[in-house]
């Protein structure tokens, strides 16, 4: 008689058995948790491995890679100086590098290629360059850099084809990029070989722009601009193209050296064909995207290509992310910071010009 109450008392201490609805819910949560662990645990291992790779990077070699990226921008400065150096007031290599960084940052933050071209043209004009030289300084570096990148991308695509590591999507994207670049080069060559048609075309464009702005077209200014542009083109073609081409090659070459040194710092050196195969095509595809700086496209494509070329994925992830930090994020932030300096530089140059004009008039 004493046992039954104790059993009842013990049963009252037990939690109530869950209903069938709760059982199904618990079972569903258990399945989701199991799938999550099944899918995430390998990723956690990869992330852990990536952290290990990041902490094992050889800092002296990383510092050399950052120096190579600085030299890449100095190559851009040399390119701009080589183009604008055909006029009496050239810019220095350092000034050209700073101007390039500032204009690229404006383009990255929403202006695109027109923003980059516009700011380069504006700052060169305020620096004292003629309209024709400023127009060349705004467009020629973009054309030469993209043409150099297209050549590197073509070599990379041929390497991928020989290694059997290409896809139809990759080939289609590359073909589209090359067509766009070829269209730009074709427009430039057309302007040189059809000079008699360039002036009417420029007048039509200026007329449309004036109508959109509800202004009257300034035919004299348009004619002077086209004349100075053709004059600068002639100076460039008289043998002045070699130095700008060398500047574009330096820009791309040191940028690739940055990536190569980062692979070396991770303890996994790559051959030149593998380096080219994973470098050119992602960069070219990134230029076609509307996303700022090709964010996501360059990184994903580059990591995927290097992983397919027998580079361990954690190493590829770390190297590409650090490379993008050096080649995109830091120059963009530096370009934003240097814009006020460029504006101050403009004011100083204007003041110097005014002082010179005043002294000449006084004399």
Inset, instruction - Order by neighbour count: 299, 196, fewest other Cβ atoms within 10 Å first, most last. - result: 196, 299
Inset, instruction - Among 159, 300, rank each residue by its count of other Cβ atoms within 10 Å, from fewest to most, as a rough exposure measure. - result: 300, 159
Legend entry - Added length on full extension, which subtracts the Cα-Cα distance from 0.36 nm per residue, residue 190 to residue 158: 8.6 nm
Legend entry - Order of 211, 58 under a 10 Å beta carbon neighbour criterion, fewest first: 211, 58
Inset, instruction - Multiply the residue separation of residue 175 and residue 197 by 0.36 nm, subtract the distance between their alpha-carbon atoms, and state the gained length in nm to one decimal. - result: 4.9 nm
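Taken together, the values in this text are just the output of simple stated rules run on the coordinates, not laboratory data. Keep in mind that what you see is a predicted model, and the values were worked out from it rather than measured. Please note: Cβ atoms are built from the backbone with ideal geometry, for glycine as well, and neighbour counts cover all protein chains shown.
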